Amino acid sequence: MNDELRQRLIDRLKRGEDLPREWAREIFPPEKMEYELVYHGKEREGDILANTMAVPLQEVRTFGKTNGDDWRNKLILGDNLQVLKRLIEMKREGRLCNADGTFGVQLVYIDPPFGTGDEYGGNNAEIAYSAKKQGTEFIDFVRRRLVMLQELLADDGSICVRLDYHFAHYIKVVMDEIFGLQNFQNEIVINRVKRQLRNLTRLNVSTESIFFYSKSSSFYFSNPESPRVCNFCGREKDPIWDDMVSPGLRNPPERIIFGKKYLPRRGRHFMYTQEKIDELETQGRLRINHDIGYYDLNGRKISGRPEYLQTENVPIDTNWTDIRGYAYTTDYPTENHEDLLERVVRMGSKEGEIVLDCFAGSGTTLAIAEKLGRRWIGIDRGKLAVYTIQKRMLTLKKEIGNKGKPLAPKPFTLYNAGLYDFATLKQLPRDDWRFFALQLFECKDEKHKIGGLELDGKRRGGSVLVYDHHGNPDTKIDEEAVLSIHRRIGDKISRQFYIIAPRHTFAFQQDYLTFDGVRYYALRIPYSFINELHRREFSALQQPQDETAVNDLIDAEGFDFIQPPTVKYKAGVKKRPGQLLKEAYIKLESFESKARVRGGLESRGMDAFSMLLLDLNYNGEVFQLHTHFYAKDIAAAEWHAWFPVEAIGEKIMAVFMDIYGNEATRVITRDELKLPALEE
């Protein structure tokens, strides 16, 4: 710290002013490293862990019967940074458990959007997504999540991160800092989408990388193998009897083979140890080929050459271009191929261990984990991803590549994290409500009394009172009520006191009231997070309005409560302009969403519409996504969504979603579409 900053620090402290957050690295410099990546706004790892809000997980629905098992696989809608913080707490509480009783995630695989600003194509060269964060913004986005993931891993766990050439070298340095250079295991080269563009000023890019790190020096690694293939044509080939020597010398040079001492030929050494040769002899994979002779190190002519039989499989190295990197089976952009994830999951985990993907996308990691008998956790901030994964997990096939017989998944639970059903919360028992409120605002659950007043917890040194809405549903907290609390305990508490209650319960608009130097903060559920308390702006988990925004890297930390939008539509069957055959359609006539702003609700119209999702053969129980339409595409079609008549079952489930993830659901019958009933 230089003299100027030291004096400014002293002056601010004398005036009782808060210190700027960016001074933290100067006041508490990080541990000096041989090298590190330095950029503006970089937080210490401890600060990231401490300052991230751990949002509660609200159960939406469980699929399948639990059969009394304590573990349920988890599919979570929410910002992954906040969810990871919550999972870290669950690990510390002993509730994130592998089948063998160890705690933590065994294997992490993530494929974060690459943050380049480039647009990447899918099938037929259509634009699939655009990753818009660039430079240090992207690096910091990934780094904060890597800090959480390192903490979440089991002691013998590992992580694989997929990246391309734009920022891979920066993230490699970041991972060296977080996991330790000594825990870097491999850079694995994998296939990208093949392109053969001509007249370029550089080569077409055909590969990407997976960085493989362990948490410690003691980690699980399966030594994966693959069938032996031809180096040139790529086709599988049978093992052959091969020479046992390699160039160079090794001491001692001799080996005992079938009870006789052999020396290698000049300039060579036997590639296997005596122990390995004995093992090959026992396995019947050793012979003397009397058709081939040689001169040994001493110049003697030997009439038969020792040979070994190659194995059916060979160890897999870091070149994985023998398998495909991407697949396009779910219509979800940048879907990783099942062959790739099978290799990753087998390499870094055993049956019954937890595999996590916090950029779950189309759910390939989760599908493979399920097929291979692993426990799994998937996180994504997009509802399209969650609905895609939900359908995928309910329609699995046993074989890799989603082939073969149907596979019923083990029970899994869908959770909301950051977008909650407040109507359900109000029905919670007092103890559960109290726990949720304390967790929501990161308060320590610590009951205590001050001046005879029963209080619920602690937050940053101040006491916390959770309003009991069960016993007093119509009571308002006005300034007089807060003043009454102050008269009772004001001289016995520190400079801050917190009151948690539903937003409508507070009869004043200020974020806090001050009496005799004591601030009484109103922690309003759902949305009053003021900067003085949280040091950053909070926003909703916004959903995309067109395909190019599916993987936008938006930090949407915070939370909100479900407020279904109002929707009016027409549905029917007709010919669209320029078409010969009739098609079914849904026309969006009006849409109103309740957008969250500080201080209340603001009504928004069609500009808040995100997408329409359809289950064309709804069974009355589980929504299974068949197709989806983005707002941009529906608007371009004069607010029509068109789909084939022949795909429609007895009824359709339509989900009209706003940009905040709120849904209005409608069941549309064949009668409403004026279609005849299906024949038995």
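Tell me the residue from 660, 630 that is surrounded by 12 or more Cβ atoms within 10 Å (Cβ to Cβ), touching a strand residue (DSSP E or B) at 6+ places or on another chain (Cβ under 8 Å) and more than 30 Å from residue 503 (Cβ to Cβ), please.
Numbers: 660 fails: more than 30 Å from residue 503 (Cβ to Cβ).
That would be 630, the only listed residue that is surrounded by 12 or more Cβ atoms within 10 Å (Cβ to Cβ), touching a strand residue (DSSP E or B) at 6+ places or on another chain (Cβ under 8 Å) and more than 30 Å from residue 503 (Cβ to Cβ).
Within region 658-680, can one find any residue that is in contact (Cβ under 8 Å) with a residue 12 or more places away in the chain, of a type in the set (Phe, Trp, Tyr) and in a strand (DSSP E or B)?
no
Let's see how each residue does on (1) over 25 Å from residue 514 (Cα atoms); (2) modelled with pLDDT under 90:
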{"residue": "412", "(1), (2)": "yes, no"}
{"residue": "426", "(1), (2)": "yes, yes"}
{"residue": "444", "(1), (2)": "no, yes"}
{"residue": "457", "(1), (2)": "no, no"}
{"residue": "489", "(1), (2)": "no, no"}
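In region 23-30, is there at least one residue being at pLDDT 90 or above, surrounded by 12 or more Cβ atoms within 10 Å (Cβ to Cβ), outside any loop (DSSP other than H, G, I, E, B) and aromatic (Phe, Trp, Tyr)? Even if it seems obvious, please write down each step before you answer.
So in region 23-30, the residues at pLDDT 90 or above come out as none.
No, the conditions are met nowhere in region 23-30.
Do you know which of the residues in region 127-143 that are crowded, with 21+ Cβ neighbours inside 10 Å and basic (Lys, Arg) is modelled with the lowest pLDDT? It would help to see each step written out before you state the result.
First, pick out the residues of region 127-143 that are crowded, with 21+ Cβ neighbours inside 10 Å: 128-129, 131, 133, 138, 142-143.
Filter once more, keeping what is basic (Lys, Arg): 133, 143.
Values: 133: 55, 143: 94.
Looking at the filtered set, the residue picked out is 133.
Looking at residue 256, is it among the aliphatic types (A, V, I, L, M), at pLDDT below 95 and not assigned by TED's automatic domain parsing to the domain that holds residue 77? Give the derivation first.
On the way: among the aliphatic types (A, V, I, L, M): yes; at pLDDT below 95: no; not assigned by TED's automatic domain parsing to the domain that holds residue 77: yes.
Taking the combined requirement at face value, the residue does not satisfy it.
Those residues that are in contact (Cβ under 8 Å) with a residue 60 or more places away in the chain and either more than 19 Å from residue 455 (Cα to Cα) or among the basic types (Lys, Arg) (or both), I need them from region 504-523; list them, please.
Initial filter on region 504-523 (in contact (Cβ under 8 Å) with a residue 60 or more places away in the chain): 509, 523.
Answer for region 504-523, where residues must be in contact (Cβ under 8 Å) with a residue 60 or more places away in the chain and either more than 19 Å from residue 455 (Cα to Cα) or among the basic types (Lys, Arg) (or both): just 509.
Do the conditions hold for residue 210, that is, is it within 30 Å of residue 176 (Cα to Cα), surrounded by 13 or more Cβ atoms within 10 Å (Cβ to Cβ), of a type in the set (Val, Ile, Thr) and in the same structural domain as residue 157 (by TED's automatic domain parsing)?
Details: within 30 Å of residue 176 (Cα to Cα): yes; surrounded by 13 or more Cβ atoms within 10 Å (Cβ to Cβ): yes; of a type in the set (Val, Ile, Thr): yes; in the same structural domain as residue 157 (by TED's automatic domain parsing): yes.
Judged against the criteria, residue 210 is a match.
In region 601-624, what count of residues is obtained for those that are crowded, with 17+ Cβ neighbours inside 10 Å and out of contact with any Ser or Thr (no Cβ under 6 Å at 6 or more places or on another chain)? Working first, answer last.
Pass one, region 601-624, residues crowded, with 17+ Cβ neighbours inside 10 Å: 604, 608-616, 618, 623-624.
Imposing the further condition that a residue be out of contact with any Ser or Thr (no Cβ under 6 Å at 6 or more places or on another chain) reduces the set to 609-613, 615-616, 618, 623-624.
So the count comes out to 10.
Within the set of pairs 6 or more residues apart or between chains, which connect a residue that is modelled with pLDDT of 75 or more inside region 463-480 to a residue that is in a loop (DSSP other than H, G, I, E, B) and hydroxyl-bearing (Ser, Thr, Tyr) with Cβ atoms less than 7 Å apart?
Partner pairs satisfying both residue conditions: 477/467.
Within region 631-653, track down each residue that is in contact with a Ser or Thr (Cβ under 7 Å, 6 or more places away or on another chain) and either of a type outside the set (D, E, K, R) or more than 19 Å from residue 618 (Cβ to Cβ) (or both). I'd like the intermediate steps shown before the answer.
Pass one, region 631-653, residues in contact with a Ser or Thr (Cβ under 7 Å, 6 or more places away or on another chain): 631, 643, 651, 653.
Within region 631-653, 631, 643, 653 meet the criteria.
Given 362, 349, which one is over 30 Å from residue 662 (Cβ atoms) and among the small types (Gly, Ala, Ser)? Explain how you work it out, then say what you get.
Working: 362 fails: over 30 Å from residue 662 (Cβ atoms).
Exactly one of 362, 349 is over 30 Å from residue 662 (Cβ atoms) and among the small types (Gly, Ala, Ser), namely 349.
Evaluate the following for residue 306: is it within 56 Å of the chain's Cα centre (by Cα) and modelled with pLDDT of 95 or more? Step through it out loud before you land on a result.
Numbers: within 56 Å of the chain's Cα centre (by Cα): yes; modelled with pLDDT of 95 or more: yes.
Taking the combined requirement at face value, the residue satisfies it.
Is it fair to say residue 3 is closer than 30 Å to residue 363 by Cβ and either modelled with pLDDT under 90 or exposed (fewer than 15 other Cβ atoms within 10 Å of the Cβ) (or both)?
Working: closer than 30 Å to residue 363 by Cβ: no; either modelled with pLDDT under 90 or exposed (fewer than 15 other Cβ atoms within 10 Å of the Cβ) (or both): yes.
So residue 3 does not fit the description; no.
All but one of (1) without any contact (Cβ under 8 Å) to a residue 24 or more places away in the chain; (2) out of contact with any Gly (no Cβ under 8 Å at 6 or more places or on another chain) hold for residue 501; which doesn't?
For residue 501, the failing item is (1).
Please go through region 47-78 and pick out each residue that is more than 17 Å from residue 104 (Cα to Cα), of a type in the set (S, T, N, Q) and in contact with a helix residue (DSSP H, G or I) (Cβ under 9 Å, 6 or more places away or on another chain).
Of everything in region 47-78, those that are more than 17 Å from residue 104 (Cα to Cα), of a type in the set (S, T, N, Q) and in contact with a helix residue (DSSP H, G or I) (Cβ under 9 Å, 6 or more places away or on another chain) turn out to be 51, 52, 58.
Can you tell me which residue is farthest from residue 264 (Cα to Cα) among those in region 298-327 that are in contact with a strand residue (DSSP E or B) (Cβ under 6 Å, 6 or more places away or on another chain) and of a type in the set (Phe, Trp, Tyr)?
Step by step, filter region 298-327, then rank; the result is 320.
What number of residues within region 49-94 satisfy the criterion of being β-branched (Val, Ile, Thr) and in a loop (DSSP other than H, G, I, E, B)?
First pass over region 49-94, keeping only residues β-branched (Val, Ile, Thr): 52, 55, 60, 62, 66, 76, 83, 88.
Add one more test, that the residue is in a loop (DSSP other than H, G, I, E, B), and what stays is 52, 55, 66.
Going through region 49-94 one residue at a time, the tally reaches 3.
Among the residues of region 633-657, write down those that are surrounded by fewer than 18 Cβ atoms within 10 Å (Cβ to Cβ) and closer than 30 Å to residue 62 by Cα.
Result: 647, 649, 650.
When the residues of region 312-321 are narrowed to those that are assigned to a loop (DSSP other than H, G, I, E, B) and exposed (fewer than 13 other Cβ atoms within 10 Å of the Cβ), which ends up modelled with the highest pLDDT? Before the answer, list the steps.
Just the residues of region 312-321 that are assigned to a loop (DSSP other than H, G, I, E, B), to begin with: 312, 316-318, 320-321.
Retained after the next criterion (residues that are exposed (fewer than 13 other Cβ atoms within 10 Å of the Cβ)): 312, 317.
Details: 312: 79, 317: 92.
Here the residue is 317.
The values are calculated or read from the model by the stated rules, or taken from the named source; none is laboratory data. Given the structure is predicted, the values throughout are model-derived calculations rather than measurements. For neighbour counting, all protein chains shown are included, and Cβ atoms are generated from backbone atoms with ideal geometry for every residue, glycine included.
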